[in-house]
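Notes follow once the structure below has been shown.
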Amino acid sequence: MNFTETDEQRALRAAVAELGSRYGYAYFTKQARTGGKLTQLWQDAGKLGFLGVNLPEQFGGGGAGMYELAIVLEELAAAGCGLLMMVVSPAICGTIIARFGTDEQKKHWLPKLANGSAIMAFGITEPDAGSNSHKLTTVATRDGDTWVLNGRKIYISGVDEADAVLIVGRTADAKTGKLRPVLFAVPTDAPGFTFTPLEMDVMMPEQQFLLFLDDVRLPADALIGEQNAALMQLFAGLNPERIMASASAVGTARFALDRAVAYARERTVWSAPIGAHQGLAHPLAQVKIELELAKLMMQKAATLYDSGDDMAAGEAANMAKYAAAEASVRTVDQAIQTLGGSGLTAEYGLAGLLANVRTTRIAPVSREMILNFIAQHSLGLPKSY
Ligand SMILES: Cc1cc2nc3c(=O)[nH]c(=O)nc-3n(C[C@H](O)[C@H](O)[C@H](O)COP(=O)(O)OP(=O)(O)OC[C@H]3O[C@@H](n4cnc5c(N)ncnc54)[C@H](O)[C@@H]3O)c2cc1C
């Protein structure tokens, strides 16, 4: 076990932090408040090779792992300008295509996902299924050489910026009639595919959408991976999703904590700076510890994932996402408290961040479903639902 990052990892951290400092939180909030996007930053990050560090070199990626992709997102978020679509495009979709796609699919998608010229969204959540993915009702039916998809999805991020959505649907087993999960790359301009924005009360430039798939006809090669192995393929993409959600939360919380500490060192309303009062210093120290612990678990999950141990990575990735969500919510809340009234001003922008990190308690998987997973799989307790 080694707790020291390699020279390459440290250099990557520094290079990403430098890019992040050129954009920063002012850029992020301006785009979020005016309906703008983070396209310029996305493209720059793509050109520098940051978006595809985890993807195979053979297909234009950096040939590194989820550890390195998490470094990229953590450092951008720590600079105040995290890229939500990194959780989805290179991490979930890139991973699934790189591991299970056909050669043609890899050649078509991976170079573009790696250099940022294409974005893929990911659609699993449905209005009537929510946390219960066994209840998905988006169904794919084979019709000669084509597939026909029907269904609805909700809360899907970044569809307006995406070239395609990796849709989790189901097919009916010819023998048993039972529905089995299956993955499709659905182009966002496919006939029958429509999407409308949901009005969310979070400060993110990326929007969430309601998707409608009405007789969307796709060629046979739109099916990603094996029709009969989609569940395992899906799980391979969900561990990266949880690791990257952790990286986003840890980075955002680092940003808020830096702001709070800088303020607490300067602001003086009695005889000493407010940071000298233990009533503020201790909670700031406490969230610093909690953040470091969450980050350590995220790094463990990424290391296990990169070593090929999907099972062990699953437990660690869930624990990391849980810990990162809890630590980031407490950190941003304490940062707001530290700034007093300034914590709620648009100038400092911390109040808006609270809703963003709060999202990590719900998406991509809720804290309760993680607790269920740990109770059942790690502790062997019976299931109630
Ligand atoms: C900003 C944002 C972006 C998102 N982006 C995407 C995306 O790009 N793609 C995508 O597919 N989805 C996306 N989602 C959806 C997200 O993954 C879901 O919101 C999440 O999985 C929870 O589902 P739900 O909202 O339907 O809640 P529900 O399943 O209705 O749950 C409601 C509450 O009940 C609790 N609950 C449910 N079942 C149990 C149980 N058995 N035991 C204990 N408690 C339980 C939950 O934990 C939760 O607190 C996004 C959501 C948000 C907020």
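Some values worked out for this structure:
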item: Eligible lysines near Lys106 by straight Cα distance, threshold 25 Å, same-chain separation 8 or greater; result: Lys47
item: Carbon and sulfur %, accessible surface of the chain computed with the full protein complex present, 1.4 Å; result: 54
item: Stokes-Einstein D for the chain, Kirkwood Rh over Cα pairs, 37 °C, 0.692 mPa s (µm²/s); result: 153
item: Computed FRET value (nearest 0.05) for Arg33 with Ser384, which takes r as the C-beta separation and R₀ as 30 Å; result: 0.10
item: Segment 293-385: C-alpha gyration tensor shape, a/c 1.5 cut-off, then a/b vs b/c; result: prolate
item: Folded to 0 to 90 degrees: helix 350-359 orientation relative to the chain principal axis, Cα; result: 40
item: Inter-part distance where segment 115-132 and segment 1-79 are each reduced to a Cα centre, Å; result: 21
item: Listed peptides 233-242, 54-63 by packing density, highest first (mean Cβ within 10 Å); result: 233-242, 54-63
item: Rg(Cα) / (2.2 N^0.38 Å) computed for segment 228-381, rounded to two decimals; result: 1.19
item: The chain: relative contact order in percent, alpha carbon pairs under 8 Å with at least 6 residues between; result: 15
item: Pair Thr196, Val269: separation of 7 Å Cα→Cβ label points (nm); result: 4.6
item: Rg over Rh, two decimals, segment 1-135 (C-alpha only, Kirkwood Rh); result: 1.01
item: Using alpha carbons only: equivalent-ellipsoid semi-axes of segment 146-302, gyration tensor based, whole Å; result: 46, 19, 11
item: Inter-part distance where segment 162-235 and segment 274-347 are each reduced to a Cα centre, Å; result: 32
item: Environment charge at Val88 (Cβ cut-off 11 Å; Lys +1, Arg +1, Asp -1, Glu -1); result: -3
item: Placed amide H near Gly123: partners under 5 Å, 5+ positions off or other chain; result: Leu166, Ile167, Val168
item: Net charge contributed by nearby residues that have their C-beta within less than 12 Å of Glu206 (K/R +1, D/E -1); result: -1
item: Among Ala164, Leu179, Gly192 - extreme Cα towards positive end, dipole of segment 143-192, charges at beta-carbon; result: Leu179
item: Computed label-point distance, nm, for sites Ile362 and Lys178 using a 7 Å Cα→Cβ extension; result: 3.3
item: Dipole moment magnitude, nearest 20 debye, the chain about Cα centre, only Lys, Arg, Asp, Glu C-beta charged; result: 680
item: Proximal charge balance of Thr188 [Cβ under 13 Å; K/R count +1, D/E count -1]; result: -3
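The values are calculated or read from the model by the stated rules, or taken from the named source; none is laboratory data. Computed from a predicted model, the values in this text were never measured in an experiment. FYI the Cβ positions are ideal-geometry reconstructions off the backbone, even for glycines, and counts take in every protein chain you see. Heads up: the accessible areas ignore ligands, DNA and RNA and are worked out on the full protein's heavy atoms, side chains in. Shrake-Rupley method; radii C 1.70, N 1.55, O 1.52, S 1.80 Å.
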